[in-house]
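The values are calculated or read from the model by the stated rules, or taken from the named source; none is laboratory data. Computed from a prediction, not measured in an experiment: that's the story for all the values here. Glycine also receives a Cβ, built like all others from the backbone with ideal geometry; neighbour counts cover every protein chain displayed.
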Amino acid sequence: MAAENKYVIGVDYGTDSVRSVVLNAMNGEEIAASVFYYPRWKEGKYCNAIANQFRQHPLDYTEGLEATIKACLQKAGAEVAANVKGISVDTTGSTPIAVDATGTPLALVPGLEENPNAMFVLWKDHTATKEAEEINAHATKFPVNYLQFVGGIYSSEWFWAKLLHILREDEAIRKNIHSFVEHCDWIPFVLTGGNDATKLKRGVCSAGHKALWAAEFDGLPPNDFFKSLDPVLDGITAKLFTATYTSAQSVGTISNEWAQKLGLPKDVVIGAGAFDCHMGAVGGQIEPYYLSKVMGTSTCDILVAPINEVKDTLVKGICGQVNGSVIPGMIGMEAGQSAFGDAYAWFKNLISWPINQFVTDEKEKEVITDKIIAALATEAATIELNEKDELALDWMNGRRTPDANQLLKGVIANINLGSDAPRIFKALVEATCFGSKAIVERFIAEGIPVKGIIALGGVAKKSTYVMQVMANVLNMPIRIHSSEQTCANGAAMFAATAAGLYSKVEDAMNAMGQGFEKTYEPQADKVAYYAKRYKMYLDLGNKIEKS
């Protein structure tokens, strides 16, 4: 192994697991990778799906951080470990947690260890729909539109709605909270040995897209905005932050404790954190005006555009547009769907109920259920297309964009006695693709062109059927990125930039990117069918939303 090689670590926190990769910073070669599944989350702790409550314990995150990096370095060897120059992390979001004055999560404070409100409030937790509605109504009372950079609608999936909800609900949290911090900002704080919440550095990605931070406001909205919303928020902004950092910047170096724990040099640079889809877009080699779709349990869609071309354009109904949230010097725009792969998983679990109940052999059960989605896709692809087919809405977990409304529910219509499992699955796939088209159309309608689609993640790489339907629905080519780990790789590219190995993230992206493996082209004979069906999807959605 050449002595001049330098290495970086990218850490990608997903919904179910954390993955770390070690890459050669010179060429992007993957040296090692490791995955850790959150044990407490796997047990279903602190969650109540019926109430849309999804919480995660901080120890799942720190244990996973240590386990995956150690496993990677053990595979990579001592020479690689000695030449690691930087670590950066991405996480799901908005996934914040209440912390005390030392920056310690309240779930780690004696007496609060089993309190769900002391845990990280996962991105898909929708317990704060009431609070989000109140924020939206409250914002109309002010001369400054504090929602202008988040699409004009605040979501229950985001920072302030979640904070307000847990403060109202829980006296123990009110008594012990000092600050509120996103997962992607907390992990770098931990790695640098942080012990003072006032010194916790926040990334512009999480701050701008979820916490209403904007340079135009000189930071967060004023205390009066929050105090007049609810007195429980009085004074909280003073304990949060004003400055923010792009992911190309360093927030410090690794602490002695973590350097020893992981077996790393003491000068390893820790980069500012960001959300998975933003770093994933870089890992997937995003280009201006190409929509980067990270496709997993949900989708997160990212578009970047030069500041001087966007100018004063504000796109309504998306998850925000923030200078530098993806690539410094460009506006990062975020959209997405609250359920994508989750919609397919829900259907698989639904039809697997008899198997789970009556098949006692766990290995046999696993073999059967693992085949279900692939078999449904194969059969659905053979169904002759008919405009009167079963029709669905993809709002199984509410609607993220366009126009956030987490109170909406999924729908399956046009069912008859001939509606079998493959036909229902076909309707669900079409619905998720129609949801993607609604996002593309919103960007275009608001004056932001979409030149093409870059697809990333498990669904994009594994499901030929889903991707071909999406190409037909969008009537656009879809490029599939070669990397299995675009989010972790994107984090590694940012680590290389933060560590000074590259002067800008575009250089890291070009040097370390793995390119594209295939392109799905629209099938001309099916485009008209999907265009008609999309109109039916919109009509059904309008009727349901107004009912």
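Things to note:
- W160 meets each of the listed conditions (1) in contact with a Gly (Cβ under 7 Å, 6 or more places away or on another chain); (2) under 21 Å from L229 (Cα atoms) apart from (1).
- Checking every residue in segment 222-233 against the condition of being within 26 Å of I270 (Cβ to Cβ), polar (S, T, N, Q) and surrounded by fewer than 20 Cβ atoms within 10 Å (Cβ to Cβ) gives zero matches.
- Pairs, first small (G, A, S) in segment 109-120, second in a helix (DSSP H, G or I), C-beta under 6 Å, six or more apart: A118/L106; A118/A107
- Number of positions in segment 302-323 that are surrounded by fewer than 24 Cβ atoms within 10 Å (Cβ to Cβ) and touching a Cys at 6+ places or on another chain (Cβ under 9 Å): 0
Results for (1) modelled with pLDDT of 95 or more; (2) of a type outside the set (F, W, Y); (3) in contact with a helix residue (DSSP H, G or I) (Cβ under 7 Å, 6 or more places away or on another chain), shown as yes or no for each residue.
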site: D234; (1), (2), (3): yes, yes, yes
site: T253; (1), (2), (3): yes, yes, no
site: G263; (1), (2), (3): yes, yes, yes
site: K266; (1), (2), (3): yes, yes, yes
site: G271; (1), (2), (3): yes, yes, yes
site: F275; (1), (2), (3): yes, no, yes
site: V282; (1), (2), (3): yes, yes, yes
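So that you can scan it fast, the table gives a plain yes or no per residue for (1) closer than 30 Å to N510 by Cα; (2) small (G, A, S); (3) in the same structural domain as G103 (by TED's automatic domain parsing):
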position	(1), (2), (3)
T15	yes, no, yes
N24	yes, no, yes
S34	yes, yes, yes
I50	no, no, yes
P58	no, no, yes
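- Residues of segment 310-334 that turn out to be in contact (Cβ under 8 Å) with a residue 12 or more places away in the chain, out of contact with any His (no Cβ under 8 Å at 6 or more places or on another chain) and over 17 Å from P402 (Cα atoms), as a count: 8
Results for (1) part of a strand (DSSP E or B); (2) at pLDDT 95 or above; (3) out of contact with any Lys or Arg (no Cβ under 6 Å at 6 or more places or on another chain), shown as yes or no for each residue.
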site: E287; (1), (2), (3): no, yes, yes
site: T297; (1), (2), (3): no, no, yes
site: V322; (1), (2), (3): yes, yes, yes
site: S325; (1), (2), (3): no, yes, yes
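- Output for segment 413-438, where each listed residue is of a type in the set (K, R) and within 25 Å of the chain's Cα centre (by Cα): K437
- Applying the criterion of at least 3 residues that are within 26 Å of the chain's Cα centre (by Cα) to the helices (runs of 4 or more DSSP H) found wholly in segment 75-180 leaves 129-139, 159-169.
- Residue in segment 47-60 that is part of a helix (DSSP H, G or I), without any contact (Cβ under 8 Å) to a residue 24 or more places away in the chain and surrounded by fewer than 22 Cβ atoms within 10 Å (Cβ to Cβ) present: yes
- Some residue of segment 255-262 being in contact with a strand residue (DSSP E or B) (Cβ under 8 Å, 6 or more places away or on another chain), under 29 Å from I166 (Cβ atoms) and in the same structural domain as L163 (by TED's automatic domain parsing): no
The rows are residues; the columns are (1) touching a Gly at 6+ places or on another chain (Cβ under 9 Å); (2) at pLDDT below 95; (3) under 26 Å from N323 (Cα atoms); (4) of a type in the set (D, E).
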| position | (1), (2), (3), (4) |
| --- | --- |
| G111 | no, no, no, no |
| E114 | no, no, no, yes |
| N136 | yes, no, yes, no |
| G151 | yes, yes, yes, no |
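- Any hit, segment 473-489, residues being over 30 Å from C72 (Cα atoms), in contact (Cβ under 8 Å) with a residue 12 or more places away in the chain and part of a helix (DSSP H, G or I): yes
- Top-ranked residue of segment 376-412 - restricted to ones that are assigned to a helix (DSSP H, G or I) and under 28 Å from the mean Cα position of the chain (by Cα), ranked as surrounded by the most Cβ atoms within 10 Å (Cβ to Cβ): L376
- Residue check for K162: touching a residue at least 24 places away in the same chain (Cβ under 8 Å) and either surrounded by fewer than 19 Cβ atoms within 10 Å (Cβ to Cβ) or in contact with a strand residue (DSSP E or B) (Cβ under 9 Å, 6 or more places away or on another chain) (or both): yes
- The set of residues from segment 331-351 being of a type in the set (S, T, N, Q) and surrounded by fewer than 16 Cβ atoms within 10 Å (Cβ to Cβ) comprises just one member, N349.
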